[in-house]
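Heads up: the structure comes next, in C-alpha cells.
Throughout, read-outs are computed from the coordinates displayed, never taken from laboratory work. Computed from a predicted structure; not experimentally measured. Neighbour counts are summed over all protein chains in view; Cβ atoms, including those assigned to glycine, are modelled from backbone coordinates with ideal geometry.
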Amino acid sequence: EAAVTQSPRSKVAVTGGKVTLSCHQTNNHDYMYWYRQDTGHGLRLIHYSYVADSTEKGDIPDGYKASRPSQENFSLILELASLSQTAVYFCASSDGGLDYTFGSGTRLLVI
Amino acid sequence: LAKTTQPPSMEAYEGQEVNVSCSHTNIATSEYIYWYRQVPHQGPQFIIQGYKDYVVNEVASLFISADRKLSTLSLPWVSLRDAAVYYCIVTDRYGGSGNKLIFGTGTLLSVKP
C-alpha cells in the first residue's frame, strides 16, 4: 500500500545539537514536502522538493535544511536545534496535484 | 489577509449531518477549493476538491455557491471517528509557484455520542 513513512515517531533533542528527520514514500510521487505544526495551529511549509537532488525553500525555512537524495527519500535537518523548533513535523508527497499524502508525523522536543 | 474564513469550532451528535462552511470572498478564477481533515496524532488527509457547483465522493459532498465565494463541506451521518480539524484551502490548481498547500487554523469538529 502506498504510504509516507516518517522516522523517528518522536525525538528529544538537546539545544544546539543536530537533528535529522527522515521521510520515505512509496507513492512514486515527484513532490515531497516538510511542514511543521505547533500546538493549536495549522501547518506551515518549511521545505519542499519536486525532483531528486533539488530542494526549495518554503515559507519558514530559517534554521532548517532539506535533502532529497532519491525520489523516495526526503530529510529535514536541524543543524543547531533550538527550543523554538519544538513542534510536530509532517512529511507529505504528491504527484503534482494538491491531494497530498501525509505521514503520521514526528514529535520533536528540544530541551 | 486570510484567504479563507471558517468557524473555529462546531459540535454535532453521532448520526447527524454536519455542514462546515468556508468563506473565500476573494477567490480568483484560477483557484480551486480543497478540503482536508486532521484527526489527533495524524497528518492531514485529503477529503475533496472542487471548482464550482457540487462535488460528491464516498466520504463527503462539497457545495460551492454560484459566485464561488462560499463553500460548504457536508458530512453525512457523522461518527466519533469524524471528530477532527477540517481545513478549507483555496489555491491554484497546482498551488501557484511550487505546488504548495497553505493551511489555516481550520474548524474543530467535536462529535458527541
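Principal axis extents for the protein assembly as shown, Cα atoms only, whole Å, descending order, please.
50, 39, 38
If you count, for every residue in A:95-105, the Cβ atoms of partner chains within 10 Å of its Cβ, what is the mean?
Averaged over the peptide's residues, the number is 6.
How big is the gap, in Å, between the Cα center of the range A:66-99 and the Cα center of the range B:1-26?
Here the two parts' Cα centres lie 29 Å apart.
In whole Hz, with x marking every Gly and Pro, tabulate ³J(HN,Hα) for the range A:72-89 from phi via Karplus 6.51 cos²θ - 1.76 cosθ + 1.60, θ = phi - 60°.
7, 10, 9, 10, 10, 10, 10, 5, 9, 4, 10, 4, 5, 8, 5, 5, 9, 10
Counting other beta carbons within 10 Å of each residue's own, what order do B:W35, B:W77 fall into, fewest first?
The fewest-first ordering by Cβ neighbours comes to B:W77, B:W35.
Taking 2.2 N^0.38 Å as the expected size of a compact globular protein, what ratio does the Cα radius of gyration of the range A:6-50 give against it, to two decimals?
Details: Rg = 12.7 Å, N = 45, 2.2 N^0.38 = 9.3 Å.
The value comes to 1.36.
Over 19 Å, how big is the tail of the calculated P(r) for chain A, in percent of all Cα pairs?
37 percent
Starting at the first residue of the range B:39-53, write each ³J(HN,Hα) from the Karplus equation 6.51 cos²θ - 1.76 cosθ + 1.60 with θ = phi - 60°, in whole Hz, x for Gly and Pro.
Result, ordered by residue: 8, x, 6, 9, x, x, 10, 5, 10, 6, 9, x, 10, 7, 6 Hz.
Restricting to Cα pairs below 8 Å that are 6+ residues apart, what does the relative contact order work out to for chain A? Please round to a whole percent. Numbers along the way, then the final one.
Details: 297 pairs, mean separation 39.8, N = 111.
Relative contact order of chain A: 36 percent.
If one puts a single equal scatterer on every Cα of the range B:7-94 and applies the Debye formula without solvent, what log₁₀ I(q)/I(0) results at q = 0.13, 0.15, 0.18 Å⁻¹?
Here the Debye-derived log intensity ratios amount to -0.41, -0.54, -0.77.
Work the Kirkwood hydrodynamic radius out for the range B:9-56: mean of 1/r over every pair of different alpha-carbon atoms, inverted, in Å.
Every distinct Cα pair counted, the radius reaches 13.3 Å.
Apply 1/(1 + (r/R0)^6) to the Cβ-Cβ distance of A:I111 and B:S74, taking R0 = 45 Å, and write down the FRET efficiency to the nearest 0.05.
The pair A:I111/B:S74 has a calculated efficiency of 0.50.
Of the beta bridges DSSP finds with both residues in chain B, what % are antiparallel, to the nearest 5?
Here the antiparallel bridges make up roughly 85 percent for chain B.
On average, how many beta carbons from a partner chain sit within 10 Å of the beta carbon of a residue in B:38-48?
On the way: counts 6, 0, 0, 5, 5, 15, 9, 4, 8, 1, 1.
If you average over the peptide's residues, the count of other-chain Cβ atoms is 5.
Would you list which lysines come within 25 Å of B:K69, measuring only between C-alpha atoms, while excluding same-chain residues fewer than 8 positions from it?
B:K3, B:K52, B:K100
At a threshold of 8 angstrom on Cα-Cα distance, excluding pairs fewer than six apart, so keeping six or more, what relative contact order does chain B reach in percent?
Details: 264 pairs, mean separation 40.3, N = 113.
Normalised by residue count, the contact order of chain B is 36 percent.
For B:I33, A:I77, what ranking results if the residue with the fewest other Cβ atoms within 10 Å of its Cβ goes first?
Working: B:I33 24, A:I77 14.
If I rank by nearby Cβ atoms, fewest first, I get A:I77, B:I33.
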